[in-house]
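Read-outs throughout are calculated quantities, based only on the coordinates presented, and are distinct from any laboratory measurement. Just so you know, these numbers come straight off a predicted model, no measurement behind them. With ideal geometry, Cβ positions are generated from the backbone for all residues, glycine too; neighbour counts draw on all protein chains shown.
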Amino acid sequence: MQRQVTFRGLPPSADIVREAHRHADKLRARTPTLSSCHVTVEAEARSARGASECRVMVQLWGATGRGAVAGSSRAIAGESMRPALRKAFDAASRQLGPGVPRRRSSMTPVHP
């Protein structure tokens, strides 16, 4: 699977690239039809509170010719990007449809 991470308005970070590749590899293991993953980390204008925000976008393409699937999340610049990456990949995974296995919960439902 092709994996690409693009930074816009931010200096590149090896940690973010490594984390994005890890998420992409996990998703690829659950969804063998994925052919490409593009992650964009983009700085946005300052918010009304004066904090700089970043947006993380994930685009996925399937090998079967299925169109792009996207997920996005926001984070405050300077804070950890890991939660934003996780949320963006989770959103993209949900867009893939019901055929994609979800993360298992540690709790099993109790039936009366």
List the residues whose amide H sits under 5 Å from the amide H of VAL5, counting only those 5 or more places along or on another chain, with H placed 1.01 Å from N in the peptide plane. VAL39
Obtain the nm distance between the two label points defined at THR33 and ALA14 by a simple spin-label model: each point lies 7 Å from its Cα along the Cα-to-C-beta direction. 3.8
Long-range amide H contacts for SER35: which residues qualify at under 5 Å (H placed 1.01 Å from N, peptide plane, sequence gap of 5 or more or a different chain)? TRP61, GLY62, ALA63
Length gained, LYS26-GLN4, 0.36 nm per residue minus C-alpha separation, equals 6.4 nm
